[in-house]
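The values are calculated or read from the model by the stated rules, or taken from the named source; none is laboratory data. These numbers were taken from a predicted model, which means no experiment stands behind them. Don't worry about glycine lacking a Cβ; one is built from the backbone with ideal geometry, like all the others, and counts go over all protein chains shown.
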There are 2 protein chains.
Amino acid sequence: MIDRIPILRIRDLLLVSIQADLHDILVEQLQSDILKELERKSARGLVLDISALNILDTYTARAFVHTAQMARLMGTRTIVSGMTPAIAMTLTEMGFSAGGFETALDLESALTALSTQDADED
Amino acid sequence: MIDRIPILRIRDLLLVSIQADLHDILVEQLQSDILKELERKSARGLVLDISALNILDTYTARAFVHTAQMARLMGTRTIVSGMTPAIAMTLTEMGFSAGGFETALDLESALTALSTQDADED
């Protein structure tokens, strides 16, 4: 059992590889760690990679929305990458709208999206 | 409990964020997954990030050596990043020589090392 999820930095991007179900404590710890890392050093983007997850409950999906909102307030754009078709179907069937966070097919697409934003916004 | 560790691809680099103790099954699964990914599409480098680990036993350290050797045979250079001072001390005290794999202070240093290799070797 892990007690915190590492936040990896690649230049001005943060990357979190989520490999375990995010129970309450883990989600709060992760959110707090992300905000502390953003306070320490700003980041242009945050990628939450969930390619390792087979299931994603609405609690965790909502936690991602909150994390994205928090990061946005700290000036950072969040992308959730690696969602499996099964998770996409389940979330949709459960009435969860993905409007709360951006998504990308995989990590690479997410990094590309965050790079191209550069030209548009910066 | 996770049953496999995701292998993330960033262009021609593979990144594995190791967050849980690597018991036997997980190590074998990871090694097999890495080799399959290399067979699918070659990679210049492989980064095993262990910044989330507080302890690293010699079994796992040896598994990293084997993984690095396997990846080398498939044309890929392996770097272990994010070793804590505590782990470095323990491994050294237990007589484990780090000669079996390259190390870097953090993910970013590892990626930089793999980029600069470009100019030297490719």
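With the condition kept exactly as written, say whether any residue in the stretch B:72-81 is farther than 30 Å from residue A:113 by Cα and either among the hydroxyl-bearing types (Ser, Thr, Tyr) or within 13 Å of another protein chain (Cβ to nearest Cβ) (or both).
no
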- Message: Any residue at all in the stretch B:61-68 that's of a type outside the set (Phe, Trp, Tyr), surrounded by fewer than 17 Cβ atoms within 10 Å (Cβ to Cβ) and modelled with pLDDT under 95?
- Response: yes
- Check off (1) of a type in the set (A, V, I, L, M, F, W, C); (2) under 16 Å from residue B:7 (Cβ atoms); (3) at pLDDT below 95 for residue B:46 and give me the number that stays unchecked. (3)
- Query: For residue A:59, which of the numbered conditions (1) away from every other protein chain (no Cβ under 14 Å); (2) in contact with a helix residue (DSSP H, G or I) (Cβ under 7 Å, 6 or more places away or on another chain); (3) not charged (D, E, K, R) fails to hold?
  - Reply: (2)
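Quick one: in the stretch A:9-33, of everything that is of a type in the set (A, V, I, L, M) and more than 14 Å from chain B (Cβ to nearest Cβ), which residue is nearest to residue B:33 (Cα to Cα)?
Quick first cut of the stretch A:9-33, residues of a type in the set (A, V, I, L, M) only: A:10, A:13-16, A:18, A:20, A:22, A:25-27, A:30.
Okay, now just the ones that are also more than 14 Å from chain B (Cβ to nearest Cβ), so A:25, A:27.
Numbers: A:25: 30, A:27: 28 Å.
Ranking the candidates gives A:27 first.
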- Select from the stretch B:92-114 the residues that are assigned to a helix (DSSP H, G or I) and under 20 Å from residue B:31 (Cβ atoms) and write down the one among them that is farthest from the other protein chains (Cβ to nearest Cβ). B:99
- Message: Here is a list: A:42, A:32, A:115, A:17. Which entry is within 30 Å of residue B:80 (Cβ to Cβ), surrounded by 15 or more Cβ atoms within 10 Å (Cβ to Cβ) and small (Gly, Ala, Ser)?
- Response: A:17
- Task: For residue A:48, indicate whether it is within 14 Å of another protein chain (Cβ to nearest Cβ), in a strand (DSSP E or B), under 18 Å from residue A:83 (Cβ atoms) and not acidic (Asp, Glu).
- Result: yes
- Only listed residue being under 10 Å from the mean Cα position of the chain (by Cα) and without any contact (Cβ under 8 Å) to a residue 60 or more places away in the chain, chosen from A:103, A:84, A:90: A:103
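Residue by residue, here is whether (1) basic (Lys, Arg); (2) more than 22 Å from residue B:9 (Cα to Cα); (3) surrounded by 14 or more Cβ atoms within 10 Å (Cβ to Cβ) holds:
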residue: A:38; (1), (2), (3): no, yes, yes
residue: A:70; (1), (2), (3): no, yes, yes
residue: A:85; (1), (2), (3): no, no, no
residue: A:93; (1), (2), (3): no, yes, no
